[in-house]
1. Mind listing just one residue for me: the one in segment 66-88 that is among the charged types (D, E, K, R) and closer than 24 Å to N28 by Cβ and, of those, least open to solvent (accessible area, probe 1.4 Å)?
2. V63 - would you say it is in contact with a Gly (Cβ under 7 Å, 6 or more places away or on another chain), within 25 Å of R30 (Cβ to Cβ), touching a residue at least 60 places away in the same chain (Cβ under 8 Å) and not in a helix (DSSP H, G or I)?
3. Being in contact with a Ser or Thr (Cβ under 8 Å, 6 or more places away or on another chain), of a type in the set (D, E, K, R) and within 12 Å of N122 (Cα to Cα) is the filter here; which residues of segment 72-98 pass it?
4. May I ask you to list the residues in segment 89-147 that are in contact (Cβ under 8 Å) with a residue 40 or more places away in the chain, open to solvent by 30 Å² or more (accessible area, probe 1.4 Å), assigned to a strand (DSSP E or B) and farther than 20 Å from P71 by Cβ?
5. Those residues that are of a type in the set (A, V, I, L, M, F, W, C) and surrounded by 10 or more Cβ atoms within 10 Å (Cβ to Cβ), I need them from segment 30-39; list them, please.
Amino acid sequence: MKRAVRKSKRKVSRVRAAAKSAKMYRTNMREVAKVGGLKRKDGWVDMQVQLLIDKASAGADHVIGWTVLKPGARHERHRHHHCDEFFIVLKGHGHIYTDDGEAPSGEGDVVYSPRKCWHGFNNTSNADVVLVWGWMGAGSIEASGYEVAPDSH
C-alpha cells in the first residue's frame, strides 16, 4: 500500500511540474522571417514560406506555416514519411497535386494528406495564393521525413 501511495505521489508531482513548465507561445506573422534557402531542386519553386510555430520557436512537435505563392510558384509533388499535413487555401486558386494527377483547388478548400501521401500545390492563376498549413507529428522539416517526387521539376 505504501509503495502505491509513493508511486501515486510521484505521478502527481510530475504532472504538476509539467503543468508549471507548460507555457503558451504567441507570435505574429509580421515578426517571423521568411524561410531562406528553400531550393527549387527540392520542390520549393518561388515560394514564400514562414514557420509560425515549430520545434525551434515554440518547442512544438508540429509546425504551423504560412505560404504565399506568387503567380507561377508551386510546391512540387512531395510527401512526408513521419507526419501528416493539412493546408487551407485562404486566398486564390490553382491546382493540387494528388496521386491521380492534378485537381482544381481554391479559397476555402481544406486538404489533408496523411503521411506518405504525395501532394503539392501549383499556383496556375495570375494572383497570389495564400495557404495556412501544418505538419502533425513533426516539429521541423528534418523530422518530417520530407521527400520530393523523383518525377518533379
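The values are calculated or read from the model by the stated rules, or taken from the named source; none is laboratory data. Remember, predicted model here, so these are calculated numbers, not experimental data. Cβ placement follows ideal geometry from the backbone for every residue including glycine, while neighbour counts extend to all protein chains displayed. To get the accessible areas, we keep the full protein, side chains included, count just its heavy atoms, and leave off ligands, DNA and RNA. Shrake-Rupley method; radii C 1.70, N 1.55, O 1.52, S 1.80 Å.
1. E85
2. Numbers: in contact with a Gly (Cβ under 7 Å, 6 or more places away or on another chain): yes; within 25 Å of R30 (Cβ to Cβ): yes; touching a residue at least 60 places away in the same chain (Cβ under 8 Å): yes; not in a helix (DSSP H, G or I): yes.
The answer is yes for V63.
3. Result: E76, R77.
4. Of everything in segment 89-147, those that are in contact (Cβ under 8 Å) with a residue 40 or more places away in the chain, open to solvent by 30 Å² or more (accessible area, probe 1.4 Å), assigned to a strand (DSSP E or B) and farther than 20 Å from P71 by Cβ turn out to be M136, Y146, E147.
5. Quick first cut of segment 30-39, residues of a type in the set (A, V, I, L, M, F, W, C) only: 32-33, 35, 38.
V32, V35, L38, listed by residue number.
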